[in-house]
Amino acid sequence: MKLFQQMLVAGATLGLLAPVAAQASDVINLEEMNSYARSNSKKSSRLDSKTFINEVSEEVANLNGRVDALEVRQNVYEAGSFSDSTVLDGKAVMAIGAIDGGDALGSNHHEKVSTAYVYQMNLNTSFTGDDNLYVRLKSGDGWDGAFDNKPGTYHIEAKDTSDAFNVDKLWYTFPIGDKITATIGPKIENYYMLAATPSVYKPGALKAFKLGGHASAFGASTSTGGGLKYEADNGFASSITFNSKKAATTGGLFSDQDQNKVNTQVAYTGDNYHVSATYSMQNGWDSWKYYSTKTLGTNAGTVGWGSASTLATVQADAVALRGWWRPENSGSATPSISVGYDTITFSNRSDNITEGNGYFVGLNWSDMIQPDDKIGIALGQPMKATKVSSGTLSEIDPFMWEAYYSFRPNDSIEVTPAVFGGTDVYADTGDDLFGAVLTTTFKF
């Protein structure tokens, strides 16, 4: 029925009902009708409200069930995740290269192409906002080939675990007041606790060029350790650190079988320069051999093992002088310059060597061809014996070098082709070497 027709019918209907209503008013009391209407309305309202409440209750029950299910899923998810204060990042490194002359150093797979990898995860957790628990998990393989642990061949990323995923570093750092930071842990390097960075040169191939020369007071030292660092507002800083190789073994901490070292650094760092001196007091410590000759490093640690009362170890005092400067703006022809000089004195060595020294120079150019790229050149003399209490010294002067170009295809990938080499690296066999390596790093 159309709207116009509906209006006609409605009008006619009202006209017919009007006289009927007038007659009915004479018989039926209007107040009674109104009372009945109100009563009927309340009853209907009560029925509708009850129905509404029942329906809403059912919906609420359904929603509660869904919320409970979501909470269960959230608990399952949180059980398999890190805390809100933990930050996770990592990297994967792949390398391929070869070395000519590594046989003279005793390296494996010399003059053969070798491949290697490292996979690393870093976890940083803060409990107060000012402290930090650091855990590094690491796996690697292939580094015991051409790039094994020898002066002149040890790669900057090398870590061979035969594919096992191990805890590589573990320490806890917390503040003491406003200017002092304390660090302690069962797996820590001494140089992570230094007051200031001794070098800004970034090695492209060899670990020997890390820290302005990975020798004397520094070197590798993953072991039980602790330290205190003080940083003033004017650029001055100082630190004292302790490491023990036998604390986690049957040898024991501070025992006569312990191999340990105490490092003290005093440094000043300006806006674009740095100078520092680090003194190291060592007991049976020889983990600085990445940047030394075989002659100097062979008998630098324990002389012999016997009963605790007769055990003899080499005592040493080392000094590492470091300095660096970098231009205010990158992309210029002027490179950053890092220099280092190391000296060490011994007592109780079986080969009568009493002194040794070495030096390092590293240059870096940044943003030269494209943003975030880097050119690096490093050279120096590995630490060699310079004085003996009796006998004669070799007149051979060892020398090591590297050159590389590093670029980033994107923010997460870095590609570094490098060449490196050395002459008379072991100082007693005429062992010259030359190597090339391509390293690709993926960060995430």
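Couplings 3J(HN,Hα) of the range 416-425, computed from phi: 9, x, 8, 10, 7, x, x, 10, 6, 4 Hz, in residue order, whole Hz [Karplus 6.51 cos²θ - 1.76 cosθ + 1.60, θ = phi - 60°; x for Gly and Pro].
For residue 425, nonlocal amide neighbours, meaning residues 5 or more places apart or on other chains whose placed amide H falls under 5 Å from its own, are 399, 431.
Does the range 241-394 come out rounded, prolate or oblate, given a ≥ b ≥ c as the square roots of the eigenvalues of its C-alpha gyration tensor, rounded meaning a/c under 1.5 and, failing that, prolate meaning a/b above b/c?
Working: a/c = 2.77, a/b = 1.98, b/c = 1.40.
Taking the square roots of the gyration eigenvalues as a ≥ b ≥ c, the range 241-394 is prolate.
Judged by the mean number of other Cβ atoms found within 10 Å, the most tightly packed of the peptides 179-185, 405-411, 282-288 leads the ranking 282-288, 179-185, 405-411. Counted by Cβ distance under 9 Å from residue 314, the other residues give a net charge of 0, where Lys and Arg count +1 and Asp and Glu count -1.
Stokes-Einstein diffusion for the range 111-229, with the hydrodynamic radius set to the Kirkwood value over Cα pairs and evaluated at 10 °C in a medium of 1.306 mPa s, equals 100 µm²/s. Separation of the range 206-248 and the range 405-420, taken as the distance between their Cα centroids, equals 28 angstrom.
Please check which bits of the range 205-240 a label hung off residue 348 would reach, taking the label as a point 7 Å along Cα-to-C-beta and the cut-off as backbone N under 20 Å. Zone members listed by number: 216-217. Short to long, the 10 Å bins of the Cα pair-distance histogram for the range 188-297 hold 15, 42, 32, 10, 1 percent of all pairs. For the range 113-253, averaging the sequence separation of C-alpha pairs within contact (under 8 Å, six or more residues apart) and dividing by the residue count gives a relative contact order of 19 percent.
Within the shell of other residues whose beta carbon sits under 15 angstrom from the beta carbon of residue 247, the net charge comes to +1, with Lys and Arg scored +1 and Asp and Glu -1.
Near residue 285, once Lys and Arg are set to +1 and Asp and Glu to -1 for all other residues with Cβ below 9 Å from its Cβ, the sum equals +1.
Neighbour counts of other C-beta atoms within 10 Å: give me 200, 437 arranged from fewest to most. All intermediate terms of the calculation are to be shown ahead of the outcome.
Details: 200 17, 437 27.
With the fewest neighbours first, 200, 437 line up as 200, 437.
Contact order for the range 87-443, expressed relative to its length and based on alpha carbon pairs under 8 Å spaced 6+ residues apart, stands at 15 percent. For residue 383, nonlocal amide neighbours, meaning residues 5 or more places apart or on other chains whose placed amide H falls under 5 Å from its own, are 292, 293.
Annotation: for a label point projected 7 angstrom from Cα along Cα→Cβ of residue 379, residues of the range 329-357 with backbone N closer than 19 Å are 334-342.
Values in this text are rule-based calculations from the coordinates and carry no lab data. What you see is a predicted model; the values in this text were computed from it and never measured. Every residue, glycine as well, gets a Cβ built from its backbone with ideal geometry; the counts of neighbours run over all protein chains shown.
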